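**Q** Sharing a structure with you now.
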Amino acid sequence: MDFLVLFSFYLAFLLICVIMICIFTKSQRLKAVVLGGAQVCARVTPQCLQRAVQTLLHQLFHTRHPAFLVLHLLLQGLVYAEYTYEVFSYCLELEFSLPCLLLPYVLLSVNLVFFTLTCSANPGTITKTNVSLLLQVYEFDDVMFPKNSRCSTCDLRKPARSKHCRVCDRCVHRFDHHCVWVNNCIGAWNTGYFLIYLLTLTASAATIAILSAAFLLRLVAVSNLYQETYLDDLGRFQAVDTGFLIQHLFLAFPRIIFLLGFVIVLSLLLAGYLCFALYLAATNQTTNEWYRGDWAWCQHWPLVAWSPSAEPQIHQNIHSHGLWSNLREVFIPATPSYKKKKR
């Protein structure tokens, strides 16, 4: 039972870390606590070590760096190598359906295609040649995206829903976020690729988790382990329970057990993020707009406080035009909404 408890702590720790990261990104108080802790640590940390850490973090998160892209491919390769070397071969011996066993490879092929497209596609870089055209695509709401706003870095007028990416050092049309795992921005012209990439990645992780669990369950059923007894520490015969079965399977197939735990956690995290991405697509929002939406009214609060007669400007999503129109816009980027004048 000791292994089961430790393995449960392992899964719980991973989930708690992810939840805390999500809360941290939205909570200003937690950010202040973390910054305060970092300042305390800085007083007792050598300057050379601080500079090395700052340089490393800057390269990883503030410049286009392929480290996370390589890590992504490495983890994916290790998962599929373990699946092929053990799970696939054992499942063939237990006469699993071959199409089911080949499904992860089909999903991998599709995933790698859209992963490559997401990495290499232009997300919607705003330049001097296309800025006048992109200014006509979306309406300005004068709250989150005011008219006549200019990018101080690119020295260009900012179209509605655009943002300057500090990592790529460019303004991106319908900017969603910068994804370190694909080493590229997600914008108007590659959001569809990213959504299919995320969908196939989630499906492949879930499929491997289901097949690995099915193999272990089939093995227990075939060997009749659940009907056996074992001798406990006190010398008494005990019926095999779930904890003993898991420990026995771990001793027999340790890599498969760790693979199963990893892909289960990965499937849950990816499924949660996929649901969030689908919600944004269905409501025609970007991650940047969703994040900034809570603070848009706060930015205008001083004006309301000084002028009681002024009406508070609350951000509203003016770009949503129904579920199917919103989803179509993800895969077919919006075009300028103005009408050409007849000559």
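**Q** Kindly rank 252-259, 134-141 from highest to lowest mean number of other beta carbons found within 10 Å of each residue.
**A** Values: 252-259: 16.1, 134-141: 18.2.
Result, highest mean first: 134-141, 252-259.
**Q** If you don't mind, there's one more thing I want to ask. Just to confirm a number: summing +1 for Lys and Arg and -1 for Asp and Glu over residues other than Cys185 whose beta-carbon lies under 10 angstrom from that of Cys185, what do you get?
**A** Numbers: positive: Arg64, Lys163, Arg170; negative: Asp176.
It works out to a net charge of +2.
**Q** Still on this structure, I have one more. Which residues' amide hydrogens lie under 5 Å from the amide hydrogen of His177, considering only partners 5 or more residues apart or on another chain, with H built in the peptide plane?
**A** Ile186
**Q** Please sort 74-85, 207-218 by packing, taking for each peptide the average over its residues of neighbouring beta carbons within 10 angstrom, highest first. Mind showing how you got there, number by number?
**A** On the way: 74-85: 14.7, 207-218: 18.9.
Going by the mean number of other Cβ atoms within 10 Å, highest first, we get 207-218, 74-85.
**Q** Right, another one. Could you give me the ³J(HN,Hα) list for segment 324-334, computed from phi with Karplus coefficients 6.51, -1.76, 1.60 and θ = phi - 60°, whole Hz, x at Gly and Pro?
**A** Ordered by residue, 3J(HN,Hα) equals 5, 5, 5, 5, 5, 5, 5, 9, 10, x, 5 Hz.
**Q** Could you grab the relative contact order for segment 127-228? Cα pairs under 8 Å, six or more apart, rounded to a whole percent. Could you put the intermediate results ahead of the total?
**A** Numbers: 86 pairs, mean separation 13.8, N = 102.
About 14 percent, as a whole number.
**Q** Show the residues, 5+ positions off or on another chain, whose built amide H is closer than 5 Å to the amide H of Lys158.
**A** The list, which skips near neighbours in sequence, is Ser149, Arg150, Cys151.
**Q** Same structure again: Around Arg170, which amide H atoms from residues at least 5 apart in sequence, or from another chain, sit under 5 Å from its own amide H, with H modelled in the peptide plane?
**A** Cys165
**Q** Would you kindly state how much longer the chain becomes between Val167 and Leu278 on full extension, computed as 0.36 nm times their sequence separation minus their alpha carbon distance, in nm to one decimal? Display every interim value, and only then the final one.
**A** Numbers: separation 111, 0.36 × 111 = 39.96 nm, distance 2.50 nm.
Separation in residues times 0.36 nm, less the Cα-Cα distance, equals 37.5 nm.
**Q** Sticking with this one: Just to check I understand the Karplus step: with θ = phi - 60° and J = 6.51 cos²θ - 1.76 cosθ + 1.60, what whole-Hz values come out for segment 195-202, glycine and proline as x?
**A** Residue by residue, segment 195-202 yields 5, 5, 4, 5, 5, 5, 5, 5 Hz.
Throughout, read-outs are computed from the coordinates displayed, never taken from laboratory work. For clarity, every value in this text was computed on a predicted model and none was experimentally measured. Reconstructed Cβ throughout: ideal geometry from the backbone, glycine too, with neighbour counts over all protein chains shown.
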